[in-house]
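Q: Please read through the structure below; I'll follow up with questions.
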C-alpha cells in the first residue's frame, strides 16, 4: 500500500500546476489518522492532507498548523500512510468523524492520490457517521460511494455568489457556481448536504445575498450553517492584497466591518431571516 501512494504522489511530479502557479507536493507519514475533535457535533477529525492548494486568504489552517501564513497555498503534503493507520484505529469507534476539518479533503491532489476516497471506504464500513466539508466539485467523483451510505453528509462551503468576487478571496478553489451544481447533483442522488457560509466576508458575502439564498434553495439543500470571520495576526494584510480592494477607502471599509462585532451580528441575523423564510434550517457554527 505504501508503494501505491508513493507512486501516486510522485506521479504528480515535484510541482503541480493549479490555476496560475505551481505548488510543492510532498509526502508525510502520520502516527494517527483520527484525532479527537472539539468542534460541535464531531467526535473525531480526519485530514488526509497538510496544506491546501486553494490558498484562501482568510484561512485559519496555517495558524492551527503553526506554519507560515505567507506561504499558505504554495505547498501540500499527502499523508500517504493514513488509510493503513486508519484501519487499525476504527475498532470500537462510534460517533461522528469530520473529514476535512482543517484542510480540504478534495483539493486537486486528491484526484491523483485518492487518499480521501480510500479513507472513506473504510469509514463507511465502520460504526462511525461521516461529515465531509469541502469547497470542491471533485467530491462528485465519489458520488456512487456516498449515495450508497445513509451515514454520510457533505457540506459545501460557499462564501459568495459571484464567481469573480469569490476568486479574489479563494483564488484556486472551484468557483461557487461549480459548488452549487455539485450540491444539486448530490441532492438528486439522495445524499444529505448542507452549505457552510463561512466565514462571512464583508463585501463578498453580502453581495447579492438574497439571490445566493435562492440559489442554495434551488440545489435542494435544506440546511445552512454560518460562521463568522475570525481574524488572526496578519490576516487583514493578506486581504488588503486582494485586487477587489483597490484603494485605501475600500480597505478602510472592509476593515471596519471585519473588526465590528455588531456588523457580524447584523449580517448573521439577516442571513437567519433569509434562510428560515426560504424554508431551510439555519445553524450557527459556534
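The values are calculated or read from the model by the stated rules, or taken from the named source; none is laboratory data. Quantities reported herein were computed from a predicted structural model and do not represent experimental measurements. So basically every Cβ, Gly included, is an ideal-geometry build from the backbone, and we count neighbours across all protein chains shown.
Q: Please work out which one of (1) surrounded by fewer than 22 Cβ atoms within 10 Å (Cβ to Cβ); (2) under 16 Å from the mean Cα position of the chain (by Cα); (3) not in a loop (DSSP other than H, G, I, E, B) is the condition residue 76 fails and give its number.
A: The failed condition is (1).
Q: Go through the stretch 132-180 residue by residue and tally those that are over 19 Å from residue 115 (Cβ atoms), in contact with a helix residue (DSSP H, G or I) (Cβ under 7 Å, 6 or more places away or on another chain) and in a helix (DSSP H, G or I).
A: Number of matching residues: 7.
Q: Any idea which residue in the stretch 55-73 is farthest from residue 239 (Cα to Cα), counting only those that are touching a strand residue (DSSP E or B) at 6+ places or on another chain (Cβ under 8 Å) and buried (at least 19 other Cβ atoms within 10 Å of the Cβ)?
A: 73
Q: Residues being in contact with a strand residue (DSSP E or B) (Cβ under 9 Å, 6 or more places away or on another chain) and surrounded by fewer than 19 Cβ atoms within 10 Å (Cβ to Cβ): count how many of those fall in the stretch 197-226. Lay out the reasoning, then the answer.
A: Taking the stretch 197-226 first, the residues in contact with a strand residue (DSSP E or B) (Cβ under 9 Å, 6 or more places away or on another chain) are 197-200, 205-206, 212-213, 216, 219-226.
Still in the running and surrounded by fewer than 19 Cβ atoms within 10 Å (Cβ to Cβ): 206, 220, 222-223.
Qualifying residue count for the region: 4.
Q: Still on this structure, I have one more. Closer than 26 Å to residue 55 by Cβ, free of Cβ contacts under 8 Å to residues at least 40 places away in the same chain and within 18 Å of the chain's Cα centre (by Cα): is that true of residue 175 in this structure? Walk me through it before giving the result.
A: Working: closer than 26 Å to residue 55 by Cβ: yes; free of Cβ contacts under 8 Å to residues at least 40 places away in the same chain: yes; within 18 Å of the chain's Cα centre (by Cα): yes.
Judged against the criteria, residue 175 is a match.
Q: State whether the residues of the stretch 143-164 include one that is crowded, with 17+ Cβ neighbours inside 10 Å, within 24 Å of residue 63 (Cβ to Cβ) and over 12 Å from the mean Cα position of the chain (by Cα).
A: Yes, the stretch 143-164 has at least one match.
Q: Do we find that residue 52 is in contact (Cβ under 8 Å) with a residue 12 or more places away in the chain, out of contact with any strand residue (DSSP E or B) (no Cβ under 8 Å at 6 or more places or on another chain) and assigned to a loop (DSSP other than H, G, I, E, B) in this structure?
A: No.
Q: Right, something else. If we keep just the residues of the stretch 230-259 that are at pLDDT 90 or above, assigned to a loop (DSSP other than H, G, I, E, B) and under 22 Å from residue 196 (Cβ atoms), which is nearest to the chain's Cα centre (by Cα)?
A: Looking at residues that are at pLDDT 90 or above, assigned to a loop (DSSP other than H, G, I, E, B) and under 22 Å from residue 196 (Cβ atoms), I get 230.
Q: For the stretch 269-281, give me each residue that is within 24 Å of the chain's Cα centre (by Cα) and over 11 Å from residue 224 (Cβ atoms).
A: Result: 269, 270.
Q: Determine whether residue 116 is in a helix (DSSP H, G or I), modelled with pLDDT of 95 or more and in the same structural domain as residue 216 (by TED's automatic domain parsing). If you could, list the steps in order and put the result at the bottom.
A: Numbers: in a helix (DSSP H, G or I): yes; modelled with pLDDT of 95 or more: yes; in the same structural domain as residue 216 (by TED's automatic domain parsing): no.
No; evaluated as a whole, the condition is false for this residue.
Q: Do we have residue 194 as assigned to a strand (DSSP E or B), at negative phi and not assigned by TED's automatic domain parsing to the domain that holds residue 95 here?
A: For residue 194, the condition - assigned to a strand (DSSP E or B), at negative phi and not assigned by TED's automatic domain parsing to the domain that holds residue 95 - is met.
Q: Moving on. Would you say residue 122 is out of contact with any strand residue (DSSP E or B) (no Cβ under 9 Å at 6 or more places or on another chain) and either in the same structural domain as residue 41 (by TED's automatic domain parsing) or without any contact (Cβ under 8 Å) to a residue 12 or more places away in the chain (or both)?
A: Details: out of contact with any strand residue (DSSP E or B) (no Cβ under 9 Å at 6 or more places or on another chain): yes; either in the same structural domain as residue 41 (by TED's automatic domain parsing) or without any contact (Cβ under 8 Å) to a residue 12 or more places away in the chain (or both): yes.
Here the answer is yes, as residue 122 does meet what is asked.
Q: For the stretch 199-220, enumerate the residues that are in a loop (DSSP other than H, G, I, E, B) and more than 22 Å from residue 253 (Cβ to Cβ).
A: If the condition is that a residue be in a loop (DSSP other than H, G, I, E, B) and more than 22 Å from residue 253 (Cβ to Cβ), then 220 is the only one that fits.
Q: Which residue out of 234, 243, 220 is at positive phi and touching a residue at least 40 places away in the same chain (Cβ under 8 Å)?
A: Sole residue among the options that is at positive phi and touching a residue at least 40 places away in the same chain (Cβ under 8 Å): 234.
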